[in-house]
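Data first, discussion second: the structure below is written as structure tokens.
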Amino acid sequence: MAEAKRRKTGNAETEEVAVRLISQFLLAEERVKELTSKRELVDDVLAGAVARGVVMYPNPEAKSQAALVPITLLPTPFAADCYLQAVELGPTFHELMDKVACDLPWMRQVLHETGKMDAICGRLLGICERVYGSGGKDHCRDVRLNIMRNDFMLDTRSGLGGHPMKQIEINMMLVFCCCYF
């Protein structure tokens, strides 16, 4: 994080790095300007999404019925230093989430009441108890893959010395999409 804080908005090298990283995920603005119709834009977006795995299938056998996961077509202006700070913060949050996931007694205690009111949470806690409960597997010793997405917002009111990046969510719902690919 310290490295990202040292970077200044407007620094050409920083902005070039940010543009390169962002363009890996979105259509290049130049390509969008070349398109002649909305249909061509939709086709390019769908093709790019399929190539990057940003689609879901209602039925794993029906590959011709791909549904596009909600995406944005053009990048939103965003300060390069804030973007790079978010990239740098990601691994720290992911490590924190992994440590929380390895503390099953605490997690079961914290989610116990929620599990009573939320059927999905209750079922997940039940599965967790059957698999990892007394005498069960130790998932902290197993190899595991965490697929996470960090959602940040930019607080434009923070002013000088403030913290413009606000983490609003760590989303692990994308894990369910893996069964479709």
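The values are calculated or read from the model by the stated rules, or taken from the named source; none is laboratory data. Computed from a predicted model, the values in this text were never measured in an experiment. So basically every Cβ, Gly included, is an ideal-geometry build from the backbone, and we count neighbours across all protein chains shown.
Observations on the model:
- Test: residue in the stretch 119-130 that is under 24 Å from the mean Cα position of the chain (by Cα) and part of a strand (DSSP E or B): no
- Residues considered: GLY53, GLY136, GLY126. Of these, the only one that is at pLDDT below 85, loosely packed, with under 15 Cβ neighbours inside 10 Å and in the same structural domain as ASN150 (by the TED database) is GLY136.
- Residue in the stretch 147-159 that is out of contact with any Cys (no Cβ under 6 Å at 6 or more places or on another chain) and in a helix (DSSP H, G or I) present: no
- The condition of being at pLDDT below 85, under 23 Å from the mean Cα position of the chain (by Cα) and not assigned by the TED database to the domain that holds VAL42 holds for only one of PHE176, PHE93, that being PHE176.
- Residues of the stretch 141-167 that turn out to be over 16 Å from the mean Cα position of the chain (by Cα), closer than 22 Å to VAL100 by Cβ and modelled with pLDDT under 80, as a count: 3
- Residue tally, condition under 19 Å from the mean Cα position of the chain (by Cα) and charged (D, E, K, R), over the stretch 96-118: 2
- Identity of the residue in the stretch 67-90, β-branched (Val, Ile, Thr) and closer than 23 Å to MET56 by Cβ, that ends up modelled with the lowest pLDDT: THR72
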